[in-house]
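The values are calculated or read from the model by the stated rules, or taken from the named source; none is laboratory data. These figures come from a predicted structure and were not determined experimentally. Quick reminder, even Gly has a Cβ in these numbers, built from the backbone with ideal geometry, and neighbours come from all protein chains shown. Protein only, heavy atoms only, side chains kept; ligands, DNA and RNA dropped before computing areas. Shrake-Rupley method; radii C 1.70, N 1.55, O 1.52, S 1.80 Å.
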Amino acid sequence: MLDTTKRFQLSPLIRFTLLTVYFALVLPLPLMAPVALRPWLEIAVVLGFGLVWALLSEQVVVTESGLAVGYPNWCKWVLRRSWALKWEEIRALVPVGTSQGGTVYYLSTHDQRHQLLPQRLESFPEFLNLLKHYSGLDTSTIGRLTPPWTYQLLAGLAGLMLLGESSMALAINQGWLAMPVGGPG
């Protein structure tokens, strides 16, 4: 017997990678900014983190009656994009090639609506098994959108970027390095 409700969130690897990229891009900014701008940038970094965390909190809820994609209550008021389908509404999976050579899938309904099937979920094989069980669709050709090594590589590069930029910002802030002002005159 299957559980009546199952929640799936974004894969932790993808969430960690995207947060690392965010921090690599914005964390050094307050350290390198003029003193008068630092408090504003620090506030912006915190608010930006909240927004990125909310975006990465999208979840899929599978029940015996259907599936729903949306955000938890704490951020639903900001991020309103969501959808839900009853199992009997779903008629087919429609594969669509991406410009990067991958394939995304849309759930097509009897009334010609199309909803993007989430492919970056934790426990993705379990999600596909539930989709197959409840909808009767063949999910054997569906795979992850991108292989895990791409996110591992991106996380490593973002980590190196964060380390390098933060070290440089700290060196400039401490006066160990001089930051050039203006261009050639």
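Considering the range 80-108, and only residues there that are in contact with a strand residue (DSSP E or B) (Cβ under 8 Å, 6 or more places away or on another chain) and among the small types (Gly, Ala, Ser), the residue that is nearest to GLN59 (Cα to Cα) turns out to be SER82. The requirement of being surrounded by fewer than 15 Cβ atoms within 10 Å (Cβ to Cβ) and under 21 Å from GLN115 (Cα atoms) is satisfied by PRO72. Among the numbered conditions (1) modelled with pLDDT of 95 or more; (2) over 21 Å from LEU157 (Cα atoms); (3) surrounded by 13 or more Cβ atoms within 10 Å (Cβ to Cβ), the only one that PHE49 does not meet is (2).
Could you identify the single residue in VAL94, VAL78, VAL62 that is in contact with a Leu (Cβ under 9 Å, 6 or more places away or on another chain), of a type in the set (A, V, I, L, M, F, W, C) and closer than 21 Å to PRO12 by Cα? Give the steps one after another, and end with the answer.
Details: VAL94 fails: closer than 21 Å to PRO12 by Cα; VAL78 fails: closer than 21 Å to PRO12 by Cα.
Exactly one of VAL94, VAL78, VAL62 is in contact with a Leu (Cβ under 9 Å, 6 or more places away or on another chain), of a type in the set (A, V, I, L, M, F, W, C) and closer than 21 Å to PRO12 by Cα, namely VAL62.
Can you name every residue in the range 94-137 that is open to solvent by 60 Å² or more (accessible area, probe 1.4 Å), assigned to a strand (DSSP E or B) and in contact (Cβ under 8 Å) with a residue 40 or more places away in the chain? If the condition is that a residue be open to solvent by 60 Å² or more (accessible area, probe 1.4 Å), assigned to a strand (DSSP E or B) and in contact (Cβ under 8 Å) with a residue 40 or more places away in the chain, then PRO95 is the only one that fits.
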